[in-house]
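Q: Below is the structure I would like to discuss, written out as structure tokens.
The values are calculated or read from the model by the stated rules, or taken from the named source; none is laboratory data. Just so we're clear, the structure is a prediction, and the values are computed from it rather than from any experiment. FYI the Cβ positions are ideal-geometry reconstructions off the backbone, even for glycines, and counts take in every protein chain you see.
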Amino acid sequence: MRTRTSFELGKIGFYGGWVLVDGNAYRYTTMRKILLLILMTGVLNLVHGQVYYRGLERICWENSRGTVECYDAPRKWYHENTILIEKDSIFIYKRPLRIVKGKKLYSASDGAFYYYYGVISNIDTPMVAYLTSYNCDYCARQVRFDTLTGYQYPEPSFQTFKIKLTDNSIQIGKTIYNKLSLEKLDFFPSKSFFYLDSNSIVRQNPKGQYKLISQGIKNFLQTKDLKLDDDTLRICVDRFDDYEGKNLIETLDQNLIEIDSSNLILKFYTNRQLKELQNTLSKPIRVIKINEIIDYWKAARITLTYKIILPNNIRNFSEREYSNLFEYNKIRQHYELIGNLPENGWVLVEKR
């Protein structure tokens with residue numbers, strides 16, 4: 001009987017130059033590839049199910065000159081990275097923080113929040129993680145602009161890292177992360193945050209959004225705050241991409257704005273007509289202005305203002321001017337308000 005000179009793994013025994021597998025003897029040189037796969041499987045079994053890791057990564061990068069720069073130096077900012085490994089899938093959530101006198105100070109925006117997902121390849125050693133990122137908060141992202149439709153499509157970023165796994169830690173690149181018990185897992189985002197969201201495909205201030213504009217005006221009226229002038233609802237048909245009214249997006253066709261006018265008198269004005277009206281007014285009038293429109297793949301939002309226009313000769317006036325942001329899901333050819341009817345914001349307009 002040979003003396004055991006190595007170790008056992010399950011039902012595999014190493015005896016001198018021989019390998020005993022389930023009672024059968026094989027020469028080690030003929031079993032090398034099989035044993036490598038068995039050992040890799042044994043390591044991956046450590047992370048079957050859901051296993052979390054956490055560690056700190058200094059927020060630094062290499063600039064175009066090859067010099068390493070760090071965010072907000074000389075202060076030290078980190079990403080606290082929480083890693084979820086589920087079988088051969090990997091998810092990395094990065095949230096920024098700064099350590100001051102040994103205490104973690106989390107930021108609402110500094111350094112940005114990143115979401116990476118990918119797969120782990122265990123064909124070779126060391127293992128490799130292939131990561132993709134579509135989403136991040138408070139960061140600049142590269143987009144692809146479709147000139148035909150006007151939609152902006154987010155461009156993913158890709159990273160590849162070597163991975164080393166042990167029983168209690170994982171090393172990705174140069175950073176080591178320790179295994180995290182579920183009791184200490186304070187937060188990890190839903191997996192939906194990591195993948196491409198169809199509403200990341202967006203158009204900024206597109207033209208011809210008559211159904212959205214009509215629905216927004218309808219909901220604006222339902223807030224009950226708008227004080228109509230003798231049942232007259234005035235609407236400005238000029239849309240601008242700035243509040244100063246300098247960059248005209250479009251002049252709407254009033255016949256395509258669909259509003260129930262059975263108990264309303266509808267009047268439409270261009271911005272120029274409203275300015276000319278100021279010279280002849282004897283009392284204030286109110287008009288709805290359509291501001292920013294954001295059109296997502298399956299949703300939309302619109303900002304409206306119920307603006308007060310004052311005659312040039314008026315004195316001792318004080319009144320509220322209202323604004324609101326309405327958000328919708330696109331349901332086929334219709335817009336469905338998200339949540340309850342939002343409250344209007346307001347500012348006080350005065351003239352002494």
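Q: Does Lys246 qualify as being assigned by TED's automatic domain parsing to the domain that holds Lys330, among the basic types (Lys, Arg) and either assigned to a helix (DSSP H, G or I) or within 30 Å of Val202 (Cα to Cα) (or both)? Steps first, please.
A: Working: assigned by TED's automatic domain parsing to the domain that holds Lys330: yes; among the basic types (Lys, Arg): yes; either assigned to a helix (DSSP H, G or I) or within 30 Å of Val202 (Cα to Cα) (or both): yes.
Criteria met by Lys246.
Q: Identify, by number, the condition in (1) at pLDDT 95 or above; (2) surrounded by fewer than 17 Cβ atoms within 10 Å (Cβ to Cβ); (3) out of contact with any helix residue (DSSP H, G or I) (no Cβ under 6 Å at 6 or more places or on another chain) that Thr175 doesn't meet.
A: (1)
Q: Among the candidates Tyr71, Tyr138, single out the residue that is in contact (Cβ under 8 Å) with a residue 24 or more places away in the chain and buried (at least 17 other Cβ atoms within 10 Å of the Cβ). First the steps, then the outcome.
A: On the way: Tyr138 fails: buried (at least 17 other Cβ atoms within 10 Å of the Cβ).
Being in contact (Cβ under 8 Å) with a residue 24 or more places away in the chain and buried (at least 17 other Cβ atoms within 10 Å of the Cβ) holds for just one of Tyr71, Tyr138, which is Tyr71.
Q: Scanning for something among the acidic types (Asp, Glu) and over 30 Å from the mean Cα position of the chain (by Cα), does region 240-249 turn up at least one residue? Give the steps one after another, and end with the answer.
A: Quick first cut of region 240-249, residues among the acidic types (Asp, Glu) only: 241-242, 244.
Filter once more, keeping what is over 30 Å from the mean Cα position of the chain (by Cα): none.
No, because not a single residue in region 240-249 is among the acidic types (Asp, Glu) and over 30 Å from the mean Cα position of the chain (by Cα).
Q: Would it be correct to say that Lys218 is over 30 Å from Cys136 (Cα atoms) and not hydroxyl-bearing (Ser, Thr, Tyr)?
A: Values: over 30 Å from Cys136 (Cα atoms): yes; not hydroxyl-bearing (Ser, Thr, Tyr): yes.
Yes, satisfied.
Q: Out of region 252-278, which residues are loosely packed, with under 13 Cβ neighbours inside 10 Å and among the β-branched types (Val, Ile, Thr)?
A: If the condition is that a residue be loosely packed, with under 13 Cβ neighbours inside 10 Å and among the β-branched types (Val, Ile, Thr), then Ile265 is the only one that fits.
Q: Another question, then. Is it true that Val100 is over 30 Å from Tyr296 (Cβ atoms) and free of Cβ contacts under 8 Å to residues at least 24 places away in the same chain? Please lay out each step first, then the result.
A: Numbers: over 30 Å from Tyr296 (Cβ atoms): yes; free of Cβ contacts under 8 Å to residues at least 24 places away in the same chain: yes.
It is true that Val100 is over 30 Å from Tyr296 (Cβ atoms) and free of Cβ contacts under 8 Å to residues at least 24 places away in the same chain.
Q: Being of a type outside the set (D, E, K, R) and touching a helix residue (DSSP H, G or I) at 6+ places or on another chain (Cβ under 9 Å) narrows it down to one of Tyr130, Tyr114, Tyr93, so name that one. Reasoning before the result, please.
A: Values: Tyr130 fails: touching a helix residue (DSSP H, G or I) at 6+ places or on another chain (Cβ under 9 Å); Tyr114 fails: touching a helix residue (DSSP H, G or I) at 6+ places or on another chain (Cβ under 9 Å).
From the options Tyr130, Tyr114, Tyr93, the qualifying one is Tyr93.
Q: Give region 309-337 a look and list any residue that's of a type outside the set (D, E, K, R) and modelled with pLDDT under 95, or say none.
A: Taking region 309-337 first, the residues of a type outside the set (D, E, K, R) are 309-314, 316-318, 322-326, 328-329, 331, 333-335, 337.
Residues satisfying the conditions are Ile309, Leu310, Pro311, Asn312, Asn313, Ile314, Asn316, Phe317, Ser318, Ile331, Gln333, His334.
Q: Thr132: in contact (Cβ under 8 Å) with a residue 40 or more places away in the chain and either at negative phi or not in a loop (DSSP other than H, G, I, E, B) (or both), yes or no? Write out each step before concluding.
A: Numbers: in contact (Cβ under 8 Å) with a residue 40 or more places away in the chain: no; either at negative phi or not in a loop (DSSP other than H, G, I, E, B) (or both): yes.
The answer is no for Thr132.
Q: Would you please name the residue that is farthest from Cys236 (Cα to Cα), looking only at residues in region 308-350 that are β-branched (Val, Ile, Thr) and surrounded by 14 or more Cβ atoms within 10 Å (Cβ to Cβ)? First the steps, then the outcome.
A: Just the residues of region 308-350 that are β-branched (Val, Ile, Thr), to begin with: 308-309, 314, 331, 338, 347, 349.
From what is left, the residues that are surrounded by 14 or more Cβ atoms within 10 Å (Cβ to Cβ) are 308-309, 349.
On the way: Ile308: 12, Ile309: 12, Val349: 19 Å.
Selected residue: Val349.
Q: Follow-up question, since we're still on this one. Could you please let me know if Glu336 is in contact (Cβ under 8 Å) with a residue 12 or more places away in the chain and of a type in the set (D, E, K, R)? Break it down into steps so the answer makes sense when it comes.
A: On the way: in contact (Cβ under 8 Å) with a residue 12 or more places away in the chain: no; of a type in the set (D, E, K, R): yes.
So Glu336 fails the test.
Q: Collect the residues in region 285-307 that are crowded, with 19+ Cβ neighbours inside 10 Å and without any contact (Cβ under 8 Å) to a residue 24 or more places away in the chain, keeping them in residue-number order.
A: Hit for region 285-307 is Thr305, nothing else.
Q: Give the residues of region 103-126 that are without any contact (Cβ under 8 Å) to a residue 40 or more places away in the chain, in contact with a Lys or Arg (Cβ under 9 Å, 6 or more places away or on another chain) and not charged (D, E, K, R), sorted by residue number.
A: Leu105, Tyr106, Ser107, Ala112, Phe113, Tyr114, Pro126
Yes/no matrix, rows are residues, columns are (1) assigned by TED's automatic domain parsing to the domain that holds Phe187; (2) out of contact with any Pro (no Cβ under 6 Å at 6 or more places or on another chain); (3) at pLDDT below 90; (4) among the hydroxyl-bearing types (Ser, Thr, Tyr):
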site	(1), (2), (3), (4)
Tyr93	yes, no, no, yes
Leu105	yes, yes, no, no
Asp110	yes, no, yes, no
Tyr115	yes, yes, no, yes
Asn122	yes, yes, yes, no
Tyr134	yes, no, no, yes
Phe145	yes, yes, no, no
Ser157	yes, yes, no, yes
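Q: If only one of Asp167, Asp186 is among the charged types (D, E, K, R), in contact (Cβ under 8 Å) with a residue 12 or more places away in the chain and part of a loop (DSSP other than H, G, I, E, B), which one is it? So that I can check it myself, show each step before the final result.
A: Working: Asp186 fails: in contact (Cβ under 8 Å) with a residue 12 or more places away in the chain.
The match here is Asp167.
Q: Let me ask something else. Return the residues of region 99-132 that are in contact with a Gly (Cβ under 8 Å, 6 or more places away or on another chain) and of a type in the set (S, T, N, Q); say none if nothing qualifies. I'd like the intermediate steps shown before the answer.
A: Step one: of region 99-132, the residues in contact with a Gly (Cβ under 8 Å, 6 or more places away or on another chain) are 129-132.
Once the filter is applied, which keeps residues that are in contact with a Gly (Cβ under 8 Å, 6 or more places away or on another chain) and of a type in the set (S, T, N, Q), region 99-132 yields only Thr132.
Q: Could I ask something else about it? Could you tell me whether Thr160 is under 27 Å from the mean Cα position of the chain (by Cα), without any contact (Cβ under 8 Å) to a residue 24 or more places away in the chain and farther than 30 Å from Ser282 by Cβ?
A: Details: under 27 Å from the mean Cα position of the chain (by Cα): yes; without any contact (Cβ under 8 Å) to a residue 24 or more places away in the chain: no; farther than 30 Å from Ser282 by Cβ: yes.
The answer is no for Thr160.
Q: Then there is this: Can you pull out the residues in region 299-343 that are in a strand (DSSP E or B) and among the small types (Gly, Ala, Ser)? So that I can check it myself, show each step before the final result.
A: Residues of region 299-343 in a strand (DSSP E or B): 299-309, 317-331, 334-337.
Correct list: Ala299, Ala300, Ser318, Ser323.
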